[in-house]
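Asker: Dropping the structure in here first, questions after.
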Amino acid sequence: AVGSRIVLSSSLLSFTDGDGGPEMTRFKWVNKSRSVLPARLEHYQNPGSPLSHFSQDDVNKGRVMVSHLGGTSEEKFSLHFQVTDGEGALVPFNMSVVPYRGVLLLIHNKRLSSEYHKQIAITPAQLLAATSFDNQEPRPPVTYTVVSHPRSGVLALKSRGSDQLLELTSFTQADINASRIVFLHNSSRSVSRDSFSFRLSSGHLLLPALYTFNISITLPPVSIRPRLSVSSNQLFIAEGALQILPPNLIEVDLVPSSATGGPFEIIIKTPPAQTHVTILRSFVPIRGNRFLLSDMQTRRVQFVHDDSEEIHLPIAFCVAA
């Protein structure tokens, strides 16, 4: 789009000689135009600075952008490259660029107020972005890519037609409009202000700025003591299989007392033999016997059976704050 940036991907620019790896395939940008081009190459982490050399590995990992410098011209132009694998001669390579007019704007970015130990949906009144494209229907969705996550809770996607929550790394404006993006507080009493950062994109439009969405948490005026209850006294699992703990298996009520609060941590006091529990951290399973209540509510706690022939495996939980 005129005046915007697009990240080069391997679907747009890919070159291989079938020998060396992508880090060995090098591109050199050569300006053969007699006039000043309305675009330049830039590094994703250093927008505004021209880039003349990069590798196929840089392209594959989304590090290279084409930045249109604006103006009124929408004429087609070409980017010229020389490509080498580090051993052979340079090979010329051309890429055609067709500008079109499009605008991506962040309209609302207002603080979200959350309550202690609650989940709350982010609405368009707090977070809203929109696009304007010439001659492009349907318009591509506005996408928020999460760069850093909240410390005192989980940013989650509510499944369609259910209350199931899924950890996310990106979401769309349509998800926000449908009240599907929620912040789930993990009952931490040490943080009253939190945030997450994100980048905005829509189709080929990419805003290079890193935005911050702020969250304020209302903490209880008195200390609390958690009280645990289990909704079911049995869990069925096939021999040698893996079972995700149901989000509502364990519930915690708050009881005022002189005790201190904190993130509600569920502890497996008596783990049965031939089994273990894994918790997904950034989608990587980590073995352990402790997890946060919010981990279970976002379906990140897995009960793994280790091929024993036991029919009944007793297990006990307790809660700490």
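The values are calculated or read from the model by the stated rules, or taken from the named source; none is laboratory data. Computed from a predicted model, the values in this text were never measured in an experiment. Glycine gets a Cβ as well: all are built from the backbone with ideal geometry, and neighbour counts include every protein chain shown. What goes into the accessible areas is simple: the full protein's heavy atoms, side chains included, and nothing from ligands, DNA or RNA. Shrake-Rupley method; radii C 1.70, N 1.55, O 1.52, S 1.80 Å.
Asker: Only one of these is at pLDDT below 90, touching a strand residue (DSSP E or B) at 6+ places or on another chain (Cβ under 8 Å) and part of a strand (DSSP E or B): 200, 166. Name it. First the steps, then the outcome.
Answerer: Numbers: 200 fails: at pLDDT below 90.
One residue alone meets the criteria, 166.
Asker: Inside the stretch 175-192, can you point out the residues that are at pLDDT below 90 and open to solvent by 40 Å² or more (accessible area, probe 1.4 Å)?
Answerer: Within the stretch 175-192, the first condition is being at pLDDT below 90, and the residues that meet it are 184-192.
Once the filter is applied, which keeps residues that are at pLDDT below 90 and open to solvent by 40 Å² or more (accessible area, probe 1.4 Å), the stretch 175-192 yields 189, 190, 192.
Asker: Can you name the number of the only condition in (1) at pLDDT 75 or above; (2) in contact with a strand residue (DSSP E or B) (Cβ under 7 Å, 6 or more places away or on another chain); (3) not aromatic (Phe, Trp, Tyr) that residue 23 fails?
Answerer: (1)
Asker: Within the stretch 37-58, which residues are in contact (Cβ under 8 Å) with a residue 24 or more places away in the chain and charged (D, E, K, R)?
Answerer: 40, 42, 57
Asker: Okay, next question. Any chance the stretch 29-44 includes a residue that's over 30 Å from residue 131 (Cα atoms), at pLDDT 80 or above and either assigned to a strand (DSSP E or B) or of a type outside the set (Ser, Thr, Tyr) (or both)?
Answerer: Residues of the stretch 29-44 over 30 Å from residue 131 (Cα atoms): 29-35.
Now restrict to residues that are at pLDDT 80 or above: 29-30.
Still in the list and also either assigned to a strand (DSSP E or B) or of a type outside the set (Ser, Thr, Tyr) (or both): 29-30.
Yes; the residues of the stretch 29-44 include at least one that is over 30 Å from residue 131 (Cα atoms), at pLDDT 80 or above and either assigned to a strand (DSSP E or B) or of a type outside the set (Ser, Thr, Tyr) (or both).
Asker: On to the next question. So residue 133 fits all but one of (1) open to solvent by less than 60 Å² (accessible area, probe 1.4 Å); (2) among the hydrophobic types (A, V, I, L, M, F, W, C); (3) modelled with pLDDT of 80 or more; what number is the exception?
Answerer: (3)
Asker: Of everything in the stretch 45-59 that's closer than 25 Å to residue 209 by Cβ, modelled with pLDDT of 80 or more and assigned to a strand (DSSP E or B), which residue is most open to solvent (accessible area, probe 1.4 Å)?
Answerer: Filtering first and then ranking leaves 50.
Asker: Out of all the residues in the stretch 94-106, is one or more in a loop (DSSP other than H, G, I, E, B), under 24 Å from residue 197 (Cα atoms), at pLDDT 80 or above and not β-branched (Val, Ile, Thr)?
Answerer: Step one: filter the stretch 94-106 for residues in a loop (DSSP other than H, G, I, E, B), giving 98-101.
Narrowing further to those that are under 24 Å from residue 197 (Cα atoms): none.
No, the stretch 94-106 has no match at all.
Asker: Could you list, in sequence order, all residues of the stretch 211-235 that are of a type outside the set (Phe, Trp, Tyr) and at pLDDT 85 or above?
Answerer: Here is the first cut: in the stretch 211-235, the residues of a type outside the set (Phe, Trp, Tyr) are 212, 214-235.
Within the stretch 211-235, 212, 214, 215, 216, 217, 218 qualify.
Asker: From the residues in the stretch 139-162 that are open to solvent by 10 Å² or more (accessible area, probe 1.4 Å), outside any strand (DSSP E or B) and in contact (Cβ under 8 Å) with a residue 24 or more places away in the chain, which one is nearest to residue 113 (Cα to Cα)?
Answerer: Once the filter is applied, the top-ranked residue is 150.
Asker: Give the residue that is least open to solvent (accessible area, probe 1.4 Å), with candidates limited to residues of the stretch 272-301 that are modelled with pLDDT of 70 or more and part of a loop (DSSP other than H, G, I, E, B). So that I can check it myself, show each step before the final result.
Answerer: Pass one, the stretch 272-301, residues modelled with pLDDT of 70 or more: 275-280, 284-301.
Retained after the next criterion (residues that are part of a loop (DSSP other than H, G, I, E, B)): 288-289, 298-300.
Values: 288: 29, 289: 68, 298: 4, 299: 71, 300: 23 Å².
Step by step, filter the stretch 272-301, then rank; the result is 298.
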